[in-house]
1. Counting residues that are among the aromatic types (F, W, Y) and surrounded by 14 or more Cβ atoms within 10 Å (Cβ to Cβ), which strands (runs of 3 or more DSSP E) fully inside region 25-124 reach at least 3?
2. Taking the criterion of being without any contact (Cβ under 8 Å) to a residue 24 or more places away in the chain and of a type in the set (K, R), would at least one residue in region 35-54 satisfy it?
3. Does region 79-112 hold any residues that are over 20 Å from the mean Cα position of the chain (by Cα) and at pLDDT 85 or above, and which are they?
4. Looking at this structure, is V14 more than 21 Å from E119 (Cβ to Cβ) and part of a helix (DSSP H, G or I)?
5. Go through (1) among the hydrophobic types (A, V, I, L, M, F, W, C); (2) closer than 15 Å to D29 by Cβ; (3) modelled with pLDDT of 85 or more one by one and return the number of the condition V57 breaks.
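The values are calculated or read from the model by the stated rules, or taken from the named source; none is laboratory data. These numbers come from a predicted model, not from an experiment. Virtual Cβ from ideal backbone geometry, glycine too; neighbours counted across all protein chains shown.
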Amino acid sequence: MRKIFAEYRNIIAVIYIIICFTLWVVFRDREIERNGVYAIGKIIKYQAEADGSSVFVDLYLGNKISQTIVSTGCSNCVDSFFYIKVLKQDLSRVIIYFNSPVPACIQNELKVPEEGWKEIPVCK
C-alpha cells in the first residue's frame, strides 16, 4: 500500500489542491449570492493571457465608482454594462452576470442606490 501511495503521491496532491480550490470558489460565490447587492458594472478592458483572461470592470454603487478585475469574461463585452452582485464591504468580490445586460432605461441614469439593489431593477 505504501508503495502505491508513494507512486501516486504527486497526483493525489494535485487532486487535493484542485478540490480545495473548487470548494473555496463555491463558498466564496455563495457568500456573494447570499449577502451581496446588485449594482452596475461596465467592462472597460479585456486582456487575454497565456494563463487565462482578465476583465477590468468599472463598478457603479451609489456615488462610488471603483475598479475591479475579474479572472473570467468575454472578449466582445468591452464598453457593455452588466448587472453584478457585490459585497458592499469588499468591492473586489463580485459576480458578473454576463447574461443580464443593463437595459438602456437604467443604463442612461447610472444611479445606483448607495445600498445597492436587493433584486435586479426593471424599467418603469
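1. Qualifying strands (runs of 3 or more DSSP E): 81-87.
2. Among the residues of region 35-54, not one is without any contact (Cβ under 8 Å) to a residue 24 or more places away in the chain and of a type in the set (K, R), which makes the answer no.
3. Of region 79-112, the ones over 20 Å from the mean Cα position of the chain (by Cα) are 104-106, 108-109, 111.
Matches in region 79-112: A104, C105, I106.
4. In short, yes.
5. Checking V57 against (1) among the hydrophobic types (A, V, I, L, M, F, W, C); (2) closer than 15 Å to D29 by Cβ; (3) modelled with pLDDT of 85 or more, the one that fails is (2).
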